[in-house]
Amino acid sequence: MRSVYHGFRALVAMVAMLSTAAVAAAQSSALPHLETIDHFVDEVTNTYKLDIRDTMAVLDFVFGSLPERVKVYPTENYFYFRFIHNGLQYVGNFRLDVLDRDEGKIQFANYAELPPWKPEGIGIEQYVVLDASHGVQVERIDGLVYRVTYKGKSVVFELNDLSRVRPPASALGPDDKFLGPVFDESAIRFFLIFNTKLKIFHFVLDETINVHDEFFNLQGTDRILIGKRTGFAFYRDHKLDRKILIGAYAPNSALNNYYDGPFDQLPDNFMEGEVLREAIIAVEPRAKGKIGRLGHYSDQESRFGVHPYMLYKETRELLRVDRCAKGQLKSPTYHRCFVAPERLTHTEN
């Protein structure tokens, strides 16, 4: 498994805590869901009797609040949630990790939201791997579909099946190997690609579907596009028909929210054989014999970090990528321009 902190990566649920009826109504009317200040104030000022320090009591509340079927969109198989309890916001997730879900296990995490201005150690952090010893049954019922049963209630978790997703040929160079599709918690899809010659990773924007963001050109270049919603920065490759992720907004990373980029949503369900381990060892030979098939270290608490993009504080920092690319157009190392210099060395997450 990842570290407990990784288990808390995204702060806002992909599926908000709306009733099934409200979701259906929003979909049928084709209008946005309206949130109002009175609902927020009511939630923050209300007093609840839930024993927030009792992990199993929190599990009872969260699991009991789920509908009979949920869709798990992110490709590292996290189902995120959040709620307000006595004025504080709590966030967490269920995770059907590829490493242990078929052993009848599901991970559960919950903690008080801790923005950077709060010191560590002052909030509640809860993490448990649930299995039959906790009265939890996890059954695989079809492909990437699992049924989880607890205290007489069953919830079907449908994992995101992207097994047929492939990048167009125009997005791959002769030295590129496609490792798998990524669905980020930001609701943006990527292709994870490894350049076998330069030994670098790229996250390439998946434009085979509608991209749920709007983009503007960074002043000073027509090559860099930045998402108005996500803050993701992409570079329009001079040589191939693709947009490479080159940056995520640094404060989003500090907040551990779902706009910190796709490094924490690798295509675990779709990477075949040893392709990821082989790529990692090519980048970092010292990892040989120390990591598993998906890049986890033997303690299962850390994982090799596939994080080629920079974390920028000001958009003008991204211009160095454009300068590099234009200056290296005829160089065989041109595509190294799209990996942040600080990311060219080994990292863990």
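The values are calculated or read from the model by the stated rules, or taken from the named source; none is laboratory data. Note that this is a predicted model, so its numbers are computed, not measured. We place every Cβ from the backbone using ideal geometry, glycine too, and count neighbours over all the protein chains shown. These area figures cover heavy atoms from the full protein model, side chains too; ligands, DNA and RNA do not enter into them. Shrake-Rupley method; radii C 1.70, N 1.55, O 1.52, S 1.80 Å.
For the reader, a short list of remarks on this structure follows.
- Options 114, 96, 144; residue that is of a type in the set (A, V, I, L, M), open to solvent by less than 70 Å² (accessible area, probe 1.4 Å) and closer than 15 Å to residue 63 by Cβ: 96
- Failed item in (1) closer than 26 Å to residue 186 by Cβ; (2) in a helix (DSSP H, G or I); (3) open to solvent by 10 Å² or more (accessible area, probe 1.4 Å), with residue 270 passing the rest: (2)
- Qualifying residues in the stretch 305-347 (those that are basic (Lys, Arg) and at pLDDT 95 or above) - the one surrounded by the fewest Cβ atoms within 10 Å (Cβ to Cβ): 330
- Filter pass, residue 245 being part of a strand (DSSP E or B) and open to solvent by 40 Å² or more (accessible area, probe 1.4 Å): no
- Lone qualifier among 182, 165, 129, 91 - being closer than 30 Å to residue 333 by Cβ and touching a Lys or Arg at 6+ places or on another chain (Cβ under 7 Å): 182
Quick grid of which residues meet (1) touching a residue at least 40 places away in the same chain (Cβ under 8 Å); (2) of a type in the set (A, V, I, L, M):
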| residue | (1), (2) |
| --- | --- |
| 287 | yes, yes |
| 301 | yes, no |
| 304 | yes, no |
| 307 | yes, no |
| 311 | yes, yes |
| 315 | yes, no |
| 320 | no, no |
| 324 | no, no |
| 331 | no, no |
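- Selection within the stretch 39-68: residues that are open to solvent by 80 Å² or more (accessible area, probe 1.4 Å) and part of a helix (DSSP H, G or I). The member of this set that is nearest to residue 86 (Cα to Cα) is 45.
- For the residues 186, 133, the requirement of being open to solvent by 50 Å² or more (accessible area, probe 1.4 Å) and out of contact with any His (no Cβ under 8 Å at 6 or more places or on another chain) singles out 133.
- Across the stretch 137-146, not a single residue is classified as in contact (Cβ under 8 Å) with a residue 40 or more places away in the chain and of a type in the set (Asp, Glu).
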